[in-house]
Amino acid sequence: MFTLTEDQIAIREMARDFANAEIAPFAVEWDEKKHFPVDTLRAAAALGMGGIYVQDDVGGSGLSRLDAALIFEALATGCPGTAAFLSIHNMATWMIDRFGDEDQRATWVPRLTTMEHIASYCLTEPGAGSDAAALKTKAVRDGDYYVVDGQKQFISGAGASDIYVVMVRTGGEGPKGISTLVIEAGTPGLSFGANEKKMGWNVQPTRAVIFEGVRVPVQNRLGAEGDGFRIAMAGLDGGRLNIGACSLGGAQAALDKTLSYMRERKAFGQRLDAFQALQFRLADMATELEVARTFLWRAAAALDAKTPDATKLCAMAKRFATDAGFNVANEALQLHGGYGYLADYGVEKIVRDLRVHQILEGTNEIMRLIISRALIAQGN
Ligand SMILES: Cc1cc2nc3c(=O)[nH]c(=O)nc-3n(C[C@H](O)[C@H](O)[C@H](O)COP(=O)(O)OP(=O)(O)OC[C@H]3O[C@@H](n4cnc5c(N)ncnc54)[C@H](O)[C@@H]3O)c2cc1C
């Protein structure tokens, strides 16, 4: 449980080498220019990172959730925003692989695992964020088609993606009235809002997705009518681990930068790393990350083993790792003094990128809701 296999160490090193060579040197510039590095994502996919826990008959790597956590942490040392987009693409691709029938898997997944096509996950709406089961985007049956009307909000990759995995209302109110449709870019009536101006995650576009009379073949529905909310939540269990892992990677990079900086920087006639008060802060930062990492691996192992408490453990891991990651990155900025606030040092970008991990894939308040509901149900 606490020792990685040789294969896992090799997978992590492969992702770390890729991050060092292909992502880290460019991350600050991509952030500044709001560049979405699609070619780099495709290069990652060529190494098997486009469908990490997708089955191999459709081009996936067939790896475990724990392997995925190792990969996303390693990639995020280069750029948390880039790694996090890859995580969303992996989540949406896995949903088609896991809940699609053979035709659907053969139609969409091979081009997603190579990232010739890119996927977005569309759950949030202007009036339904945390309360996702209140979503209103309507899909009305018309023969062999659904006619979709409504709007999704804050969709990562929107406008650049080729495939949209969209949760829609096909039935009555609440979670049981929700279904999942795969909607292809270019379908008439599908359009996008402006690219949102954001605090972080500038390496990926975030846009509204607008549906006006979009005709979607019934054969594009994943699972049965009414299965959509369950499918959406199943995707998020793994998505939350991946986002937590991205926080750990970003924070680890910030800590590593801080150690180098404190070795060089002098104040009051000595190196910063000679002040015991600061040494103790480094110790706390490293401890927080190690605790979060160890627990995240435990949650990943539970999801791999499909244990009954996996959803609760994934929510705990997401909450803890994203809070720890943000706090450590923010401490790293403080320990850089004024230089931490400058873009060239790369630390302020990490802080900005990690902040949103406490908000999306379910806010950390919603993680507490999931955990406390599970505890109370257990108590009853
Ligand atoms: C950059 C970015 C990218 C995103 N990408 C995607 C994407 O690709 N796909 C997608 O579907 N969504 C995406 N989201 C949306 C994200 O998942 C939502 O923003 C998030 O779920 C919160 O919803 P909301 O913004 O509507 O906040 P609200 O639900 O309005 O919440 C506001 C505040 O109230 C709190 N709150 C709400 N209900 C409760 C409660 N019952 N108990 C306690 N506190 C509560 C929340 O925690 C929060 O602090 C993205 C968001 C951002 C910012």
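The values are calculated or read from the model by the stated rules, or taken from the named source; none is laboratory data. The model shown is predicted, which means the values in this text are computed figures rather than measured ones. Note that we place each Cβ from the backbone using ideal geometry, even for glycine, and neighbour counts take in every protein chain shown.
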| Is it the case that ARG230 is closer than 26 Å to ASN90 by Cβ, basic (Lys, Arg) and in contact (Cβ under 8 Å) with a residue 12 or more places away in the chain? | yes
| message | With the requirement that a residue be in a strand (DSSP E or B) and surrounded by 19 or more Cβ atoms within 10 Å (Cβ to Cβ), what does segment 199-221 give you? | response | THR206, ARG207, ALA208, VAL209, PHE211, VAL214, VAL216, ARG221
| query | Inside segment 146-166, can you point out the residues that are within 14 Å of the ligand (Cβ to nearest atom), in contact with an Asp or Glu (Cβ under 9 Å, 6 or more places away or on another chain) and not charged (D, E, K, R)? | reply | GLY150, GLN151, GLN153, PHE154, ILE163, TYR164
| Within segment 365-377, restricting attention to residues that are surrounded by fewer than 16 Cβ atoms within 10 Å (Cβ to Cβ) and either near the ligand (Cβ under 10 Å from one of its atoms) or of a type in the set (S, T, N, Q) (or both), which residue is nearest to ALA27 (Cα to Cα)? | GLU365
| query | Considering only residues of segment 88-145 that are assigned to a loop (DSSP other than H, G, I, E, B) and of a type in the set (Asp, Glu), which is nearest to ILE178 (Cα to Cα)? | reply | ASP131
| In this structure, is SER161 crowded, with 22+ Cβ neighbours inside 10 Å, in a loop (DSSP other than H, G, I, E, B), under 26 Å from the mean Cα position of the chain (by Cα) and of a type outside the set (Lys, Arg)? | yes
| query | Which of the residues belonging to segment 167-191 are outside any loop (DSSP other than H, G, I, E, B) and either within 15 Å of the ligand (Cβ to nearest atom) or under 21 Å from MET233 (Cβ atoms) (or both)? | reply | MET167, VAL168, ARG169, PRO175, LYS176, GLY177, ILE178, SER179, THR180, LEU181, VAL182, ILE183
| field | Matching residues, segment 84-93, being out of contact with any Asp or Glu (no Cβ under 8 Å at 6 or more places or on another chain) and either touching a residue at least 60 places away in the same chain (Cβ under 8 Å) or of a type in the set (Lys, Arg) (or both) | value | PHE85, SER87, ILE88, HIS89, ASN90, MET91, ALA92
| field | Within segment 120-145, tally of residues that are crowded, with 17+ Cβ neighbours inside 10 Å, near the ligand (Cβ under 10 Å from one of its atoms) and of a type in the set (Gly, Ala, Ser) | value | 4
| request: Would you mind finding the one in ALA245, ALA194, ALA224 that is part of a helix (DSSP H, G or I) and at pLDDT 95 or above? | output: ALA245
| query | Somewhere in segment 349-364, is a residue more than 16 Å from the ligand (Cβ to nearest atom) and over 23 Å from GLY235 (Cα atoms)? | reply | no
| request: Out of the residues in segment 149-158 that are assigned to a strand (DSSP E or B) and touching a Lys or Arg at 6+ places or on another chain (Cβ under 7 Å), state the one that is nearest to ASP97 (Cα to Cα). | output: ILE155
| Does any residue in segment 100-129 that is on the phi > 0 side of the Ramachandran plot and touching a residue at least 24 places away in the same chain (Cβ under 8 Å) come within less than 6 Å, Cβ to Cβ, of a residue that is within 16 Å of the ligand (Cβ to nearest atom) and not aromatic (Phe, Trp, Tyr) six or more places away or on a different chain, and which pairs are these? | MET115/LEU41
| query | Is there a residue in segment 198-210 that is of a type in the set (D, E, K, R) and within 16 Å of the ligand (Cβ to nearest atom)? | reply | yes
| query | Among the residues of segment 356-380, which ones are in a helix (DSSP H, G or I) and in contact with a helix residue (DSSP H, G or I) (Cβ under 6 Å, 6 or more places away or on another chain)? | reply | HIS357, GLN358, ASN364, MET367, ILE370, ILE371, ALA374
